[in-house]
Amino acid sequence: METCQELIQQVQTNLLEWYRMNHRKLPWREEISAYHTWVSEIMLQQTRVETVIPYYERFLAVLPTLKDLAVAEDDLLHKLWEGLGYYSRVRNMKKCAQACMEHYGGSLPQTYDALCALPGIGPYTAGAIASIAYQQKVCAIDGNVLRVFSRILANEEDISKESTKRNYRTYVSAFLPEKEDAGDFNQALMELGALVCLPNTDPDCLHCPLKQQCRAHQLGIETQFPKKAVKKERRIEEYTVLVFLHDGCISLVQRSEKGLLANLYGFEMKEGKLDQKQLQECYPQAEMIVELKGHRHIFSHVEWHMHAFLIEMDQGGDTYHTIDEIEDQFAIPTAFRPFYQAACRWISAKGGRSL
């Protein structure tokens, strides 16, 4: 796709001026380093900025350097990540940190290609680190950037295709300014997509610094972009969740190393929808079985429909932990958190803990 040099210059000038006057003050922009940029970009994947800020600050307070991350226990990482979801992200961060300790002297490498070769770092994250922290002239293309440029170019390509994303690297690269401004330019595109060139609603074209350069705006068809294929419907899976209690303690089970929520702690799950009578037959030693409010949890391609029961047992075991122990040591995934909170309320009501 051909681009006019005059258009490129206008986009660069207008966007950089707008960004430097209007960008949000965010903690990872206050003290820029490759480590800080990397941590923030991984956390920001599929997560809102407002949600990420306290996680980012807590993570760096506990693990201020890449070396600290490389030697951290998995349970600590899961606890620091608790509530963010997609826990494989933080496990891959540890693998990446270990690789950097082994091959790059404890620092993230400075080139785009070397960054892409590390665990858990894809083209976007590599571009963000290389341009923002190392002033490399490489683009960083996320959903915001795809949306902004699809409107600037009125591009009909399906952005859900990998071939289209590769093409956009060529398109955006043509607009990149020199190295010292490349990081700001990439951040400006992300900021514009987050604050002005919005998804799933009318973009705020009145306040857009690129409205004169945007082909879709000139044609009055902004909301027709980006083009994207219709997503397949999520697969529905139905489970019964069993929350076992004994003497003010809650039983946690660690999930398998593979599959959703791998290696994390949660509750026993049975396929299908079981009723109270069936559970009484399965657990005759139970002192009490109480049905909880159900919960639906959505993953990217799967939706769990979860029915749940509190089951008071007459005996405990090694899997049972106090609420204080759980709060201090275990990360409870969002999928299980409503049932964990119900168990805490139950224990509190019985005098097991003051909440």
Rounded FRET efficiency, nearest 0.05, which uses the C-beta distance separating Arg166 from Asp75 and R0 of 51 Å: 0.85
Residue-count net charge about Pro119 - beta-carbon cut-off 13 Å; Lys, Arg +1, Asp, Glu -1: +3
Accessible surface of Lys137 - all protein chains present, 1.4 Å probe, nearest 10 Å²: 90 Å²
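Give me the net charge for the shell around Trp304: Cβ to Cβ below 15 angstrom, other residues only, Lys and Arg +1, Asp and Glu -1.
On the way: positive: Arg234, Arg235, Arg255, Lys270, Lys273, Lys293, Arg296, Arg337; negative: Glu233, Glu237, Glu238, Glu268, Glu271, Glu303.
Counting the neighbours of Trp304, the net charge comes to +2.
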How large is the accessible surface per residue of the stretch 128-245, computed with a 1.4 Å probe and reported in Å² as a whole number? 48 Å²
What ranking of Cys208, Cys282 comes out by heavy-atom accessible area, probe 1.4 Å, highest first? Cys282, Cys208
Just to confirm, what accessible area per residue do you get for the stretch 1-110 at 1.4 Å probe, in whole Å²? 53 Å²
Which far-off residues, 5 or more places away or on another chain, put their amide H under 5 Å from the one on Lys227, with H placed in the peptide plane? Ile159
What shape does the chain have by the C-alpha gyration tensor, where a ≥ b ≥ c are the square roots of the eigenvalues, rounded means a/c under 1.5, and otherwise prolate means a/b greater than b/c and oblate the rest? prolate
Loop-located GluC sites (Glu not before Pro) in the stretch 193-290, at most 14 other Cβ atoms within 10 Å (DSSP): Glu233, Glu257
When Rg is the radius of gyration of the Cα atoms in the stretch 78-234 and Rh is its Kirkwood radius, what does Rg/Rh come to? 1.02
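Report the calculated FRET efficiency for Asp68 and Asn92 (r = Cβ-Cβ distance, R0 = 22 Å), to the nearest 0.05.
The calculated FRET efficiency here is 0.85.
Subtract the Cα-Cα distance of Gln315 and Thr47 from 0.36 nm times their separation in residues, and report this length gain in nm to one decimal.
92.4 nm
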Of all accessible heavy-atom area on the chain, the percent that carbon and sulfur account for (1.4 Å): 47 percent
Hey, can you grab everything whose amide H is under 5 Å from the amide H of Glu303? Only 5+ residues off in sequence or another chain; H modelled, so Pro and N-termini drop out. Arg235, Ile236, Glu237
Other residues with Cβ under 13 Å from the Cβ of Ile159 give, with Lys and Arg +1 and Asp and Glu -1, a net charge of +4
Please enumerate, by chain and number, the lysines with C-alpha under 21 Å from the C-alpha of Lys94, excluding those fewer than 8 residues away in the same chain. Lys67, Lys79, Lys258
At a Förster radius of 22 Å, what calculated FRET efficiency corresponds to the Cβ-Cβ distance of Arg296 and Val253, to the nearest 0.05? 0.55
Just to check I understand the Karplus step: with θ = phi - 60° and J = 6.51 cos²θ - 1.76 cosθ + 1.60, what whole-Hz values come out for the stretch 312-318, glycine and proline as x? 7, 9, 7, 9, x, x, 5
Run the numbers on the chain and let me know its relative contact order in percent, using alpha-carbon pairs under 8 Å that are six or more apart. 16 percent
Tell me what the chain gives for mean residue ellipticity at 222 nm when only DSSP H runs of n ≥ 4 count, each as -39,500 (n - 2.57), the sum divided by the residue total, rounded to 500 deg cm²/dmol. -13000 deg cm²/dmol
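The values are calculated or read from the model by the stated rules, or taken from the named source; none is laboratory data. Quick caveat, the model's predicted, so the values are computed rather than measured. Reconstructed Cβ throughout: ideal geometry from the backbone, glycine too, with neighbour counts over all protein chains shown. We work out accessible area using only protein heavy atoms, side chains counted, and drop any ligands, DNA or RNA first. Shrake-Rupley method; radii C 1.70, N 1.55, O 1.52, S 1.80 Å.
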